[in-house]
Amino acid sequence: MRVIAFIPARGGSKSIPNKNIKLFCGKPLIFWNLKELQGSCVDEIVVATDSFDIKEVVNSFRFSKVKVYERLCENANDDSSTESVMLEYINHAKLHDNDIFMLVQVTSPFSQTIDFDKGLDVFKKYDSVLSCCVSKKFIWDEKGVSLNYDFNNRPRRQDYKGSLIENGAFYISSVKGITNSKNRISGNIGIYQMPEYTFIELDEPLDWVIAEHIMIKSVLVDDFKNYSNIKIFISDVDGVLTDGFKYYNENLEESVKFSTHDGYAFKLLKDKGLLTGIVTSETKQIKSVRFEKLKSLKTLDYFYQGVNDKLSVVKGLCSELNIDISNVAYIGDDINCLELLENVGLAACPANAVDAVKNIQNIIVLNKNGGEGVFREFVDLFINKLQ
């Protein structure tokens, strides 16, 4: 069983001429998906094109997993469906029924290696998987009927879960599923959720302008960070290592929820030779117990609680360790983290952080919410970049 990533890239784009190889953030658009797929667990990447120019550009990247397939002209016109060229290639290459076929669309350039790999993990439990993101837009039909919310009880945006929409990034199925259904997805369908900003697809010129800004702010932030300079990872607690809620039993005893995946992330950092720390404004004993356990396991080096000025405390720690604030990675979610996040070398936040935090220049907005293993997601991203 092989995993084939398949990218249709015809040369006849009308709304944006030569879209697939037009420069996007300094590289041909198709480069971004190829680059991330090259680092993923897919076995082969196939670019199906009718264009000599696209073929030349793709081959110039010299990605070892990539090959170009010259698609038939009859499946490369304005009326051709994506499924038509998928089936054309499946028949041409005589793919096995059990091979995994991942359709990847160039018009969605925000996908990362971790997205492709995690999408394939989700596929293990389903017949097909498609990528989606949450939209918090209120949707109506032409008859004046609200489709996804009660307008008599309009929710606040921060309380509204929104609706899942396709972002067009990728679709995963078995070859057998595609040939039987003549569709990119079928059967029991799973969802891989990506960040809200990935909703935009490059179909019109204005999309291009907006998407380049998003790419620089939310994806290429990595290009401005020297991961090898990071010496210590520090995390907030409430809203990051916990979901930010307080739970009470019938005796009014408080409890909180932590992710074991986050706990193991501290060990992963220690195994890489990095220091670890916690800085929180909270003083609750119940949380102290959790972090004292991490210290006893020798996975947590520094623990500061009851902190009002986090930046000053971390600067003091940097002075003690004889390092610079740029050597610090920090993840936080609320306004009491703002100053620290704006000054550290590597800043990240959960998907449900407050807008003021998510709008910090060069911050990494992660996929998970607080308490759902978002610290582990940050650590995995960091370690992957080091390799």
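The values are calculated or read from the model by the stated rules, or taken from the named source; none is laboratory data. Because the structure is a prediction, the values reported are computed rather than measured. Positions of Cβ are generated from backbone atoms using ideal geometry, with glycine treated the same way; all protein chains shown enter the neighbour counts.
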- prompt: Where in region 14-122 are the strands (runs of 3 or more DSSP E), entirely inside, with at least 2 residues that are over 25 Å from the mean Cα position of the chain (by Cα)?
  reply: 44-49, 66-70
Hits in region 156-192 (condition: polar (S, T, N, Q), at pLDDT 90 or above and surrounded by fewer than 19 Cβ atoms within 10 Å (Cβ to Cβ)): Thr179, Asn180, Ser181, Asn183, Ser186, Asn188
- request: Quickly run through region 139-155 and pick out the residues that are of a type in the set (Lys, Arg) and surrounded by 10 or more Cβ atoms within 10 Å (Cβ to Cβ).
  value: Arg154
- prompt: How about region 2-13: which of its residues are within 22 Å of the chain's Cα centre (by Cα) and within 19 Å of Arg71 (Cα to Cα)?
  reply: Ile4, Ala5, Phe6, Ile7
task: Look through region 63-84, keep the residues that are aliphatic (A, V, I, L, M) and at pLDDT below 95, and return whichever of them is surrounded by the fewest Cβ atoms within 10 Å (Cβ to Cβ).
output: Leu72
field: The lone exception for Ile360 - which of (1) over 16 Å from the mean Cα position of the chain (by Cα); (2) in contact (Cβ under 8 Å) with a residue 24 or more places away in the chain; (3) closer than 18 Å to Val219 by Cβ it fails
entry: (2)
message: So, Val122, is that one more than 21 Å from Asn352 (Cβ to Cβ), among the β-branched types (Val, Ile, Thr), touching a residue at least 24 places away in the same chain (Cβ under 8 Å) and touching a strand residue (DSSP E or B) at 6+ places or on another chain (Cβ under 7 Å) or not?
response: no
task: Of the conditions (1) modelled with pLDDT of 85 or more; (2) surrounded by 18 or more Cβ atoms within 10 Å (Cβ to Cβ); (3) under 30 Å from Glu339 (Cα atoms); (4) touching a strand residue (DSSP E or B) at 6+ places or on another chain (Cβ under 8 Å), Val256 clears all except one; give me its number.
output: (1)
Scan of region 1-35 for residues that are among the polar types (S, T, N, Q) and surrounded by fewer than 21 Cβ atoms within 10 Å (Cβ to Cβ), ordered by number: Ser13, Ser15, Asn18
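Condition check ((1) more than 18 Å from Asp334 (Cβ to Cβ); (2) of a type in the set (A, V, I, L, M, F, W, C); (3) at pLDDT 80 or above; (4) assigned by TED's automatic domain parsing to the domain that holds Asn327) across all residues:
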{"position": "Asp238", "(1), (2), (3), (4)": "no, no, yes, yes"}
{"position": "Thr242", "(1), (2), (3), (4)": "no, no, yes, yes"}
{"position": "Phe245", "(1), (2), (3), (4)": "no, yes, no, yes"}
{"position": "Asn249", "(1), (2), (3), (4)": "yes, no, no, yes"}
{"position": "Asp262", "(1), (2), (3), (4)": "no, no, yes, yes"}
{"position": "Leu268", "(1), (2), (3), (4)": "yes, yes, yes, yes"}
query: If you go through region 142-153 one residue at a time, do you hit one that is farther than 26 Å from Ser81 by Cα, at pLDDT 90 or above, charged (D, E, K, R) and out of contact with any helix residue (DSSP H, G or I) (no Cβ under 9 Å at 6 or more places or on another chain)?
result: yes
message: With the requirement that a residue be modelled with pLDDT of 95 or more and closer than 13 Å to Pro195 by Cα, what does region 116-141 give you?
response: Ser131, Cys132
task: Mind counting the residues in region 327-346 that are in contact with a Cys (Cβ under 9 Å, 6 or more places away or on another chain) and of a type outside the set (D, E, K, R)?
output: 7
- prompt: Restricting the first residue to region 60-88 and requiring it to be in the same structural domain as Ala9 (by TED's automatic domain parsing), which pairs with a second residue that is at pLDDT below 90 and assigned to a helix (DSSP H, G or I) meet a Cβ separation below 7 Å and a spacing of at least six or different chains?
  reply: Ser84/Asn75; Val85/Asn75; Glu88/Asn75
task: Pick out, from region 157-242, the strands (runs of 3 or more DSSP E) lying fully within it that include 3 or more residues that are touching a helix residue (DSSP H, G or I) at 6+ places or on another chain (Cβ under 8 Å) and not β-branched (Val, Ile, Thr).
output: 163-174, 189-194
